[in-house]
Every structure is written in C-alpha cells, then in structure tokens.
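Here the structure comes first, spelled out in structure tokens, and everything after it is commentary.
The values are calculated or read from the model by the stated rules, or taken from the named source; none is laboratory data. Source: prediction; values computed, not measured. Cβ: placed from backbone, ideal geometry, glycine included. Neighbour counts: every protein chain shown. We work out accessible area using only protein heavy atoms, side chains counted, and drop any ligands, DNA or RNA first. Shrake-Rupley method; radii C 1.70, N 1.55, O 1.52, S 1.80 Å.
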Amino acid sequence: MERTAKSADNVLSSPGACCPDVGGLLDAVPTQRGPASVPDAAELPKPRARIRPWRLLPTPTGTPFTFGYAAVLAVTSLVTEYADPTLVHSLLQGSSTDVAHLVRTPVLVLLASALWIAGGIASPYVLGFLLVMTALERRIGGLRAAGVFLLGHVLATLATELPVGLAVLIGHLPDSSLHRLDYGISFGVAAATGALAGLLPPWLRWPLLVLFGGMLVQDLLAFTDPMTEWGHLMALTIGVATWPVIRRRAVPSVAVAA
C-alpha cells in the first residue's frame with residue numbers, strides 16, 4: 001500500500017509523466033495578445049472613380065427609356081428628311097400642340113408632338129437629349145426620368161398655348177394663331193436639364209444652370225419665337241422645382257464614372 005502511494009507521488013511530481021510535451025506542436029499558432037484591431041473606415045483606401053466615356057450615351061440595358069426614345073426619334077427624323085414633303089407637313093400638323101388640337105385631342109397631340117425633333121437631327125437639342133436624359137436616367141431610373149421629361153413637356157406646352165387661346169378669344173391675336181405649328185422635344189430636354197442640375201455637385205450644377213439659362217435668355221431677347229423661348233425657361237424652372245423629389249430617389253454616383 002505504501003509502495004503504491006509512493007508511485008503515485010512520483011507520477012504527480014514528474015512534469016512530463018501525465019501530459020506529453022506538446023509545445024513543439026503549437027509553434028504555428030500565433031500568440032493572442034488581445035482583441036484584433038479593426039481599421040477605421042476613414043483609414044480604408046477609397047476606390048478611385050474610373051472615367052467611362054461610353055456611359056455618357058444611352059444603352060439598351062443601362063438606360064432603356066432613353067435608348068428606346070432615341071431610336072424612335074431617329075426613325076421620325078429619317079421620315080422628315082426623306083419622306084414626301086406633303087406627307088411630312090401633314091404628320092407634323094396633325095401632331096402639333098396648337099390650341100385647336102389641344103381643345104379637340106389634348107392627350108394625343110401632347111404625346112405625338114414629342115415624337116418629332118424641331119429643326120431635325122442637326123438640332124442642338126438632339127445632343128442635349130442624349131447626354132442629359134442618359135445622365136438623369138442613370139441616377140433616378142427610367143420611369144422617373146420619363147416623368148420629369150413629360151412633366152416639363154406638358155406643363156410648358158400648356159403654359160405657352162393657353163395664353164395664345166385667350167389672346168385670340170379677346171381679339172389680341174388673329175384666328176390663325178390657333179393653328180400655330182408647335183412640336184418637338186425641347187421643353188422636355190429643358191426640364192430634364194434643370195432636374196439633372198440638382199443631382200450634380202455644386203461645381204457642375206451652377207455652371208450648367210448659368211450656361212443653359214443664359215442661352216435661353218439670349219434666344220428670348222432675339223425675339224424670333226418668344227412664346228417658345230418662354231416655354232423653355234418655364235420648363236427649366238419646372239425641372240429645378242423637382243429637386244426635392246428626385247433627390248430622395250437618386251442613386252449616388254459620380255458624374256463621369258460609376
């Protein structure tokens with residue numbers, strides 16, 4: 001009995017008798033000196049914005065509304081360029097948002113008038129449409145971009161044509177003013193430009209508004225078509241008025257990247 005007790009004491013007193021030496025097996029395990037430090041978000045490298053010029057123009061998948069609308073405008077522009085002049089005049093007259101048509105078929109002519117480009121494919125509003133509508137659709141989506149365009153087109157058209165009807169009614173203008181040829185995409189483009197400015201950084205926003213607004217004021221002072229030029233200024237103002245709404249729906253992006 002005594003020998004057994006002494007054997008047990010020898011086993012307990014020997015450091016390697018109970019547990020084998022495993023120190024060499026754990027050399028690869030790093031020493032834990034405390035909780036792992038997580039780098040602050042401000043210290044992380046920020047991704048650099050890559051310039052992608054091709055995103056300035058519409059694509060079928062990225063901007064389906066602008067791309068589809070541009071395709072329609074391309075077709076109607078070919079019609080006005082190569083079709084019989086009598087047919088073209090008839091089509092444009094039937095699509096005109098003059099007072100006579102607005103009284104009879106307002107919805108039809110408001111939509112049809114936006115299918116043509118006043119001045120043809122060489123109009124500066126063609127390039128404006130492609131660049132502005134593409135940028136706007138990438139930020140707020142196709143439906144909202146279409147809504148801004150249509151809002152400016154409809155409201156500016158009514159704001160310029162209704163006074164013409166009243167002026168004819170009280171005798172200040174001849175009856176022929178009721179059939180004034182009025183069509184094109186310029187009101188919608190002006191509204192989209194005003195809306196897009198609100199989504200750009202200040203260093204781009206204000207130069208855009210000053211340059212485009214100054215161009216419209218210069219055209220107005222030329223007094224070649226005052227009603228239309230007033231409509232452009234009103235459409236630009238309508239676009240600016242949409243800032244509180246579209247800013248809540250905008251997708252964060254970089255002006256020339258993303």
Exercise. Jot down the radius of gyration and Dmax of region 104-258, Cα atoms only, both in angstrom.
Key: 16.2, 56
Self-check item: Residue-span extension gain [ASP219 to LEU127] - 0.36 nm each, minus C-alpha spacing
Solution: 31.3 nm
Quiz item: From the phi of every residue in region 202-218, what ³J(HN,Hα) in whole Hz does the Karplus formula 6.51 cos²θ - 1.76 cosθ + 1.60 yield, where θ is phi - 60° and glycine or proline is x?
Solution: x, 5, 9, 4, 6, x, 5, 5, 5, 5, 5, x, x, 5, 5, 5, 4
Practice problem: Just the Kirkwood number for region 133-172, please: inverse of mean 1/r across all distinct Cα pairs, in Å, one decimal. | Solution: 11.8
Practice problem: Against the globular-protein guess of 2.2 N^0.38 Å, express the Cα radius of gyration of region 87-195 as a ratio, rounded to two decimals. | Solution: 1.13
Exercise. Note the full-extension length gain between LEU208 and VAL75 as 0.36 nm times their separation in residues minus their Cα-Cα distance, in nm to one decimal.
Key: 44.9 nm
Quiz item: What's the carbon and sulfur percent of region 140-236's accessible surface, probe 1.4 angstrom, rounded to a whole number?
Solution: 75
Quiz prompt | Förster-model FRET efficiency, 30 Å R0, LEU200 and LEU162, C-beta, rounded to 0.05 | solution = 0.40
Exercise. Quick one: which residues, 5+ away or cross-chain, put their amide H under 5 Å from the amide H of THR59? H built at 1.01 Å from N.
Key: PHE67
Practice problem: Please sort 94-107, 182-195, 216-229, 144-157 by packing, taking for each peptide the average over its residues of neighbouring beta carbons within 10 angstrom, highest first. | Solution: 182-195, 144-157, 94-107, 216-229
Quiz item: Using the heavy atoms of the protein chains alone and a 1.4 angstrom probe, what is the accessible area of region 103-153 per residue in square angstrom?
Solution: 45
